Amino acid sequence: MSTSLTEIALSGLRASQIGLATTGNNITNVNTPGYTRQEALFAAAVPQFTGGGYLGSGVNVQSVRRVYVAQLGAQAMNAASDAAFAAAGSDALGRLNTLVSSADNGVSPAISAFFASADALSASPADSAARQAFLSDAGALAHGITDTQDLIGQERSAVNGDIQSAVDAVNQDARAIAKLNASIAAASVSGQPPNDLLDQRDTLLTQLAQQVRVQTFPQSDGSINVSIGTGQALVTGASAFALKMVPDEFRSDAPVVGTQSGNFVTPLPSGDLIGGALGGLLSYRDQALSAATAGLGRLAVALAAAVNAQNRAGVDASGAAGQDVFSVDAPTAVPSSGNAGGAALGATVTDASALAASDYQVSWDGSAWSVLRSSDGSRQSFSTLPATVDGLQISVQGTPSPGDAFLVSATRPAAQSISVALTRGAQVAAGRTAASGDGNNAAAIAALAGANAVQGSTPIGAWSALVADIGARGHEAGLAKTATASLASSLSSARDAAAGVNLDEEAMNLTRYQQAFQASGKLAAVAGTLFDAILQIAR
Amino acid sequence: MRISTNSIYEAGAASIVQQQAELAKVGQQLSTGQRFLTAADDPEAAAKAVALSAAKAQNDQLAANQATAQNALSQSETVLGSLVNTWQNVRDLLTSAGNASLTDQDRKNIAQQLSANRATILGLVNTRDASGNYLFAGYADASAPFVDGPSGVAYVGDAGAKGIRVASGRTMTINESGADLMGGVPSGNGAFATSAAAGNAGSASIDAGGGANATALDGKTYQVVFHVSGGTTTYDVMDASGTAVSTGNAYTGSADVSVAGMVAGIRGAPADGDRFTLAPSSPGSAFDALDQAIKLLSTPVAGAAGRAALTRGLAAATSQTTAAFNHAVDAQSRAGALLAELDTIGQTTTALGQQYASQLSQVRDVDYAAASSEFAQRQVALQASEQAYGKLFTSKTLFDFI
């Protein structure tokens, strides 16, 4: 009996020591990021059966486990994902808005100044200074548009760089998680949870979730499988698949993200990669940034077409018929890199005032042509080409294969290329006749300021609508960023409420285990005294 | 509910950072004077600001146009005023030339004064503006509209109306056509004109005609043909198709031909086959009328027939110059009316410009009073957060007690 008393005392000492060690671990790791507080689990040892009943035989430490509530952790992870998505979108839109607002100080006054100089020209059409001023203001307008487009192009390159960084981060995290999966699976064979490895993996998962939203599937061997998007596997057990950026089927400046297995990369539709910074940047690039270029280009095409038509209706200072004032590159129709057929599409602007601020995806399914307007996702179907959509006439040469697709854009080439085609003031068609005092044509050009030349809006109206659109996106994104950030922080607090270390609580645990240790020590001393007493009897 | 130690510190820090960001934002508003830095801060206001700026720019352009119109119309009105005075002078001279006691020499003097007035009028209608463009030439304003030549003054400008947009929806015509100003003067005596055929061999002449019976005027052209055979001179009156109206009329040195309500006197010695025409008045040039009057007064008057011819001629000249005078008066009053309209429009434009400026300021500029008080408020909030965080360090934990 005394021997079992010693064993009971020893078990108590051991348990208290483990408790103290665990508490000490918690205290020293209070500032370790991602650390989940640990607690020792005690259980009464298997009792001994004696004739007089079951006698307890001390305490066993069953396990040291993390106080981790998986549900809270998952919620916090998803919220962090959403917050990163909103933050990436909002910050990027902040840059775009600064760009557009500073362009507002260039494009909008340039439009007003151009029409004002047309007005001044109509009052003194024989004045060569007035003619030169008209051309200078036309040049300023064209430069305002192309400079803004250049800045948008630079922003696009920067965003693509950020997307590449995000992809690299995802790959790094995925590889690390896979390695940890292997370690945890090996360590879990013993039956005890490898707490620190589990903490590390959770931290990596949260980091990964901030790049792209993930779904996690815990496995029976302790590893976690991770998938992204609509179920594409990223980490399976101890192996990780890499993400890679590949060129889009149409354009080189909008690369898409794909999963790589072996040498083959399967592109993921950008709309599937929601959540996280990667999702936010992709959504920003393909929606807001494209909308900015489309709106700018549409303004360029419609304004140039209206002014050119009016100038051609008049005669210049030498009596010859007026020519185009602005020159704008023709619409492009780029075939997909996956096209099998030998067809080439062409596009011309037939009605610039009906042009929409959008690109178009034109595809052939074997029996009909389908035209998808990128800005709002609406579709039209035609059995043959040529067909006209939104003032753009699309025609085909050659034979397409079913599944061939083309990207038609009138807006992008215009935004990049608008320039003044006239070189001398004398070439401006200020009058309807060659008489030196006839300024009626210049007056008609000036009147275009109030004409609905851009899909039902005036030129200034179209520009201000673009500013408002980008502004509204930025505003919304700002609100989303604040809302998701606050939700993420409150869910993270909720997780920490269960899993975080509270120093005061650990202080209490210290005193508790210390006293238990002292008590067990006293028990051992008593057991020793009893043993001494028995030995005395035997002498 | 449990809270971890880290959460306490994190919450405090997050609050301070947040307050700092808000404070910095208000500080930027104060220093730039703008309520929103990019359109994302207030998309609606940004769009409104673009639209208002453009409207204001257009309004400013209209004001510039009004100034241009003002200058052109003022100069025009001044020139037209001088023109009116000159025509009045011409009429006065013509009236004085009808005095029966004047000699040929007196009338010649008057003719010379009329010539001087002619030169003045020619100079006035060929006036140029500050840029060197001719005022009364229509669109062809690079060269003088009235060109003097051996056969009189010809108008070489066009009928272009120069319009300037002075208000949205109001294009003002700022010029007068020289053709309308100096033309449209009925030739002859106001009712009909007489002329001698170019190939007449004799020395007879026909006067301006007059005393027409307005109700009998039929608007047709008639010819008087003289037949001289032996010592007898007769004349036939034929209509335009060659049909004779009256034949064999006797002519003894002078005759008053009367046909279809038109009466004209012929005197002198016609040759056989000489023709004279009586035609309804057609719109002609005031310069031609003036030239006719000068020629009339430079010719000596002979006898009663000559006297009659002079009277008729002076009457014709008076009616023609009165028509030209009226044209000038009308043009001057048109210019004056447009100038008055410009004043009214100008007031509206100025008021509108001020309204746009104030609306733009409302939309775009920061309200300094509100922003300053918000700045002070946020400063206080920041200080409070910082103090609360500071307390965390000074308060005791359980470790101090065990």
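Quick notes
- Odd one out for B:Y134, checked against (1) surrounded by 14 or more Cβ atoms within 10 Å (Cβ to Cβ); (2) more than 16 Å from the chain's Cα centre (by Cα); (3) modelled with pLDDT of 85 or more: (2)
- If you go through region A:227-252 and keep only what is of a type outside the set (V, I, T), loosely packed, with under 14 Cβ neighbours inside 10 Å and not in a strand (DSSP E or B), you end up with A:G231, A:P247, A:S252.
- When region B:109-138 is filtered for residues that are over 18 Å from B:G183 (Cα atoms), among the aliphatic types (A, V, I, L, M) and away from chain A (no Cβ under 14 Å), the ones remaining, listed by number, are B:I110, B:A111, B:L114, B:A116.
- All positions within region A:90-124 that are open to solvent by 30 Å² or more (accessible area, probe 1.4 Å) and either more than 9 Å from chain B (Cβ to nearest Cβ) or outside any helix (DSSP H, G or I) (or both): A:D91, A:R95, A:N105, A:G106, A:S124
This table checks each residue for (1) open to solvent by 20 Å² or more (accessible area, probe 1.4 Å); (2) over 18 Å from the mean Cα position of the chain (by Cα).
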site	(1), (2)
B:A67	yes, no
B:A100	yes, yes
B:R128	yes, no
B:G138	no, no
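- Residue within region A:276-292 that is touching a Pro at 6+ places or on another chain (Cβ under 9 Å) and not aromatic (F, W, Y) present: no
- One residue alone among A:D168, A:D221, A:D202, A:D173 is over 28 Å from the mean Cα position of the chain (by Cα) and charged (D, E, K, R), and that residue is A:D221.
- Residues located in region A:352-389, provided they are free of Cβ contacts under 8 Å to residues at least 60 places away in the same chain and small (G, A, S): A:S363, A:G366, A:S367, A:A368, A:S370, A:G377, A:S378, A:S381, A:S383, A:A387
- Matching entry among A:T399, A:T350, A:T423 (being surrounded by fewer than 15 Cβ atoms within 10 Å (Cβ to Cβ), more than 30 Å from A:V315 (Cα to Cα) and not aromatic (F, W, Y)): A:T399
- Some residue of region B:352-369 being of a type in the set (G, A, S) and closer than 30 Å to B:A14 by Cα: yes
- Meets criteria (more than 10 Å from every other protein chain (Cβ to nearest Cβ) and within 30 Å of B:G303 (Cβ to Cβ)) for B:A24: no
- Meets criteria (without any contact (Cβ under 8 Å) to a residue 12 or more places away in the chain and either open to solvent by 60 Å² or more (accessible area, probe 1.4 Å) or closer than 30 Å to B:G184 by Cα (or both)) for B:S361: no
- Hey, B:G184 open to solvent by 20 Å² or more (accessible area, probe 1.4 Å), within 27 Å of B:Q320 (Cα to Cα) and in contact with a Pro (Cβ under 7 Å, 6 or more places away or on another chain) or not: yes
- A single entry from A:A447, A:A451, A:A421 fulfils the requirement of being modelled with pLDDT of 95 or more and not aromatic (F, W, Y): A:A421.
- Of all residues in region A:484-519, those that are under 30 Å from the mean Cα position of the chain (by Cα), more than 10 Å from chain B (Cβ to nearest Cβ) and crowded, with 20+ Cβ neighbours inside 10 Å total 3.
- Those strands (runs of 3 or more DSSP E) of region B:243-303 in which 3 or more residues are open to solvent by 50 Å² or more (accessible area, probe 1.4 Å) and not acidic (D, E) occupy B:244-250.
- Test: residue in region A:462-476 that is touching a residue at least 24 places away in the same chain (Cβ under 8 Å) and either outside any helix (DSSP H, G or I) or over 39 Å from the mean Cα position of the chain (by Cα) (or both): no
- Residue list for region B:28-46, restricted to those being within 48 Å of the chain's Cα centre (by Cα), assigned to a helix (DSSP H, G or I) and small (G, A, S): B:A45, B:A46
- The set of residues in region A:142-161 that are buried (at least 22 other Cβ atoms within 10 Å of the Cβ) and either within 13 Å of chain B (Cβ to nearest Cβ) or out of contact with any helix residue (DSSP H, G or I) (no Cβ under 7 Å at 6 or more places or on another chain) (or both) contains only A:A142.
- Region A:196-224: number of residues that are crowded, with 17+ Cβ neighbours inside 10 Å and either in contact with a Ser or Thr (Cβ under 7 Å, 6 or more places away or on another chain) or among the aliphatic types (A, V, I, L, M) (or both): 13
- Criterion (out of contact with any His (no Cβ under 9 Å at 6 or more places or on another chain), within 14 Å of another protein chain (Cβ to nearest Cβ), of a type in the set (D, E) and open to solvent by less than 40 Å² (accessible area, probe 1.4 Å)) met by exactly one of A:D404, A:D438, A:D469: A:D438
Conditions tested, residue by residue: (1) of a type in the set (F, W, Y); (2) modelled with pLDDT under 85; (3) open to solvent by less than 30 Å² (accessible area, probe 1.4 Å).
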{"residue": "B:N200", "(1), (2), (3)": "no, yes, no"}
{"residue": "B:S205", "(1), (2), (3)": "no, yes, no"}
{"residue": "B:A208", "(1), (2), (3)": "no, yes, yes"}
{"residue": "B:N213", "(1), (2), (3)": "no, yes, no"}
{"residue": "B:V224", "(1), (2), (3)": "no, no, yes"}
{"residue": "B:V228", "(1), (2), (3)": "no, no, no"}
{"residue": "B:T233", "(1), (2), (3)": "no, no, yes"}
{"residue": "B:D236", "(1), (2), (3)": "no, no, yes"}
{"residue": "B:A240", "(1), (2), (3)": "no, yes, no"}
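- Flag if A:I460 is within 7 Å of another protein chain (Cβ to nearest Cβ), open to solvent by less than 30 Å² (accessible area, probe 1.4 Å), hydrophobic (A, V, I, L, M, F, W, C) and closer than 30 Å to A:L281 by Cβ: no
Table: residues versus (1) touching a residue at least 60 places away in the same chain (Cβ under 8 Å); (2) open to solvent by 60 Å² or more (accessible area, probe 1.4 Å); (3) over 30 Å from B:A47 (Cβ atoms); (4) within 14 Å of chain A (Cβ to nearest Cβ).
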| residue | (1), (2), (3), (4) |
| --- | --- |
| B:A316 | yes, no, yes, no |
| B:T322 | yes, no, yes, no |
| B:T349 | yes, no, no, yes |
| B:Q355 | no, yes, no, no |
| B:A376 | no, no, yes, no |
| B:A384 | no, no, yes, no |
| B:Q387 | no, yes, yes, no |
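- Candidates B:Q362, B:Q355: the one that is at pLDDT 95 or above, polar (S, T, N, Q) and part of a helix (DSSP H, G or I) is B:Q355.
- Evaluating A:D127 against the criteria (1) within 13 Å of chain B (Cβ to nearest Cβ); (2) surrounded by fewer than 18 Cβ atoms within 10 Å (Cβ to Cβ) leaves one unmet condition, (2).
- Candidates A:A507, A:A435 - the one that is out of contact with any Leu (no Cβ under 9 Å at 6 or more places or on another chain) and either farther than 30 Å from A:Q71 by Cα or assigned to a helix (DSSP H, G or I) (or both): A:A435
The values are calculated or read from the model by the stated rules, or taken from the named source; none is laboratory data. Nothing here was measured: the structure is a model prediction, and the numbers come from that model. Backbone-built Cβ (ideal geometry, glycine too); neighbour counts: all protein chains shown. Surface accessibility is based on the protein's heavy atoms, side chains included, excluding ligands, DNA and RNA. Shrake-Rupley method; radii C 1.70, N 1.55, O 1.52, S 1.80 Å.
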